[in-house]
Every structure is written in C-alpha cells, then in structure tokens.
Amino acid sequence: VTSDLAVAYSRSAAAWADGPGRVYDALAEALVARSPVALTGRRVADVGSGRGAASRALRQVGAEPIAVDVAEGMLAADGGGIAADALALPFRDRALGGIVGAFSYNHLVDPVRGLAEARRVVAPGGAVLVSAYAADDDHPAKAAVDGAAIAAGWAPPGWIERLRRDAAPHLATVDRAAGVARRAGLPDAEVAHVEVAFPEATVEDLLAWRLGMAPLVPFLARLDAAAHAALVDDARARLGEHPPPLVRRMVVVAAAVA
Ligand SMILES: C[S@@+](CC[C@H](N)C(=O)[O-])C[C@H]1O[C@@H](n2cnc3c(N)ncnc32)[C@H](O)[C@@H]1O
C-alpha cells in the first residue's frame with residue numbers, strides 16, 4: 001500500500017499547488033494554532049509533509065520545520081526533506097520539540113503505533129499535533145468530480161479504497177481518535193472536531209481542489225486535452241452553478257508530551 005500511495009502522491013505534486021494546496025494551507029494553520037505549547041524556536045517534524053502546508057504554518061509561528069514524507073516526489077517538489085515512514089522516524093528519543101501530522105496519520109492502518117512513535121521522538125514539554133478528515137467531512141464537489149471521472153473510465157485505485165476502509169476510520173471521530181491517543185501514551189490529548197470554512201471558494205476552486213487529489217491525478221494525466229476538458233465540463237455540470245459553501249471538517253488531536 002505504502003509504495004503505491006507514495007507514487008500517487010509524488011505524481012500529484014504539481015496539481016496539488018493549484019487545487020488542494022490552498023485548502024490544505026488553511027487547514028494546517030488551524031492545526032498548528034491548536035498547539036497546547038508555544039512552538040516558537042522549536043524543531044518540529046512535519047510528518048507526511050506533502051507540499052509543506054504544515055511546514056509553512058510552523059514557520060509562521062517561528063518554529064523550525066523538518067519535512068518528512070514517504071513520497072519522495074512530494075519532497076523533491078518542495079526543495080527537500082527526509083524520505084521516511086511515520087512508523088519509523090529517523091530521530092533519536094526526545095530529539096524534537098514537536099511533531100505535526102496534517103492528514104497523514106489517517107493513512108496508517110495502526111495509528112496507535114504512529115502516535116507512539118511520534119511521542120517517542122518529542123521531548124517533554126513538546127507537542128504532538130495531528131489532523132484527520134472527520135467522518136462528516138463532505139461536499140458535493142467530491143461526488144461531482146468522482147462521478148465525472150468514473151463516467152470517463154476512472155476507478156478508484158486499490159490503495160485509496162484500502163485507506164478508506166482500513167485506516168481513515170480510526171481517527172475520523174473524536175471518540176475514536178481520543179482512544180487512539182490514549183493507547184499511544186498521550187492520555188491528556190485534547191481531541192476536537194474543528195470546522196474551517198472557505199466562503200470565498202468559487203466553483204472553479206472547488207473543481208481544482210478535487211481534480212488535484214492524488215487518487216485522480218495519474219488518471220487525468222493520461223487523458224488527452226479534449227477528454228480532460230469534457231471530464232471537467234461534466235463535473236461542473238454535476239456540481240451546478242450554486243453549490244453550498246465549502247466547510248472542511250477535521251478531527252484534531254493536540255497533546256502536550258509529559
Ligand atoms: C493528504 S497528504 C497531506 C499533505 C500535507 N501534510 C498537507 O496537509 O497538505 C498526505 C501525505 O502523507 C504522506 N504519507 C502517507 N503515509 C505516510 C507514512 N506512513 N509516513 C510518512 N508520510 C506518509 C503522503 O505521501 C502524503 O504526502
């Protein structure tokens with residue numbers, strides 16, 4: 001699963017900047033803002049950094065981010081970082097002032113192991129901050145783009161189906177995420193359902209957001225220009241001219257390490 005996923009994320013690096021990137025930057029800022037300790041001046045690993053949304057948010061609060069991702073193409077697109085797995089972080093015990101995982105620990109089939117590994121590398125007084133898609137995170141743009149893609153011959157790749165089934169549910173509700181944090185040795189974690197609204201997002205922004213997602217990008221790259229345009233037109237028609245405003249819903253685990 002991890003290598004299929006890494007290839008898909010690596011290939012999606014360019015499309016990410018135009019579409020999902022803007023949404024994920026705002027979500028990462030909301031995650032970092034929930035840190036129970038000040039991160040200024042601390043070395044903080046951005047685990048599953050992708051295009052660096054959380055690293056940018058960390059720099060804004062004066063922290064020193066270290067990007068870590070299994071998808072080397074993501075790191076290359078952003079000017080460097082460490083290629084490593086969240087389950088085996090290349091840091092000594094208590095080496096860091098914090099770990100931020102923005103929508104990455106929800107890729108783990110065993111997030112307890114992932115959070116325990118995060119806790120291992122963070123010094124007492126540091127923070128572990130993790131966000132995951134909430135179970136009620138939905139918007140009609142998802143069904144519109146997925147529907148148009150399926151009509152054009154796309155099938156969701158196996159790795160995303162496995163993630164949705166075996167990984168994402170563990171952190172998708174406050175109760176389940178609190179249980180994961182507890183079992184990982186973070187009993188005092190604050191776990192919250194957080195909403196971030198994007199009232200200014202246009203229909204084109206909504207389409208770009210979904211069209212830039214990793215499961216779809218390799219398929220779209222194989223279409224010729226006419227087929228690509230037809231797919232986008234179909235998605236636009238499915239979405240309609242007046243979709244509801246985008247509100248992303250996430251579960252945030254914010255723990256101070258004792
Ligand atoms: C949805 S993207 C989020 C990227 C970025 N943190 C953001 O918020 O925009 C998930 C990222 O997690 C990475 N990832 C998935 N599983 C991972 C693992 N086991 N270890 C490290 N990174 C992982 C993927 O390669 C991808 O870049």
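Key figures for this structure:
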quantity	calculated
Scan of region 83-100 for residues that are in contact (Cβ under 8 Å) with a residue 24 or more places away in the chain, farther than 18 Å from residue 27 by Cα and within 17 Å of the chain's Cα centre (by Cα), ordered by number	85, 86, 87
Strands (runs of 3 or more DSSP E) completely within region 23-140 that count 1 or more residues being polar (S, T, N, Q) and buried (at least 22 other Cβ atoms within 10 Å of the Cβ)	122-133
Checking residue 156 against (1) over 25 Å from residue 46 (Cα atoms); (2) more than 16 Å from the ligand (Cβ to nearest atom); (3) free of Cβ contacts under 8 Å to residues at least 60 places away in the same chain, the condition it does not meet	(2)
Among the residues listed as 37, 70, 47, the single one being β-branched (Val, Ile, Thr), touching a residue at least 60 places away in the same chain (Cβ under 8 Å) and within 15 Å of residue 214 (Cα to Cα)	70
Any hit, region 60-77, residues being of a type in the set (A, V, I, L, M), within 21 Å of residue 185 (Cβ to Cβ) and more than 12 Å from the chain's Cα centre (by Cα)	yes
Checklist (1) within 14 Å of the ligand (Cβ to nearest atom); (2) farther than 13 Å from residue 98 by Cβ; (3) modelled with pLDDT of 95 or more; (4) out of contact with any strand residue (DSSP E or B) (no Cβ under 7 Å at 6 or more places or on another chain) applied to residue 67, failing item	(4)
Out of 208, 256, sole residue that is at pLDDT 95 or above and among the small types (Gly, Ala, Ser)	256
Some residue of region 82-93 being within 24 Å of residue 23 (Cβ to Cβ) and more than 10 Å from the ligand (Cβ to nearest atom)	no
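The values are calculated or read from the model by the stated rules, or taken from the named source; none is laboratory data. In this text, all values refer to a predicted model and were calculated from it rather than measured experimentally. Every residue, glycine as well, gets a Cβ built from its backbone with ideal geometry; the counts of neighbours run over all protein chains shown.
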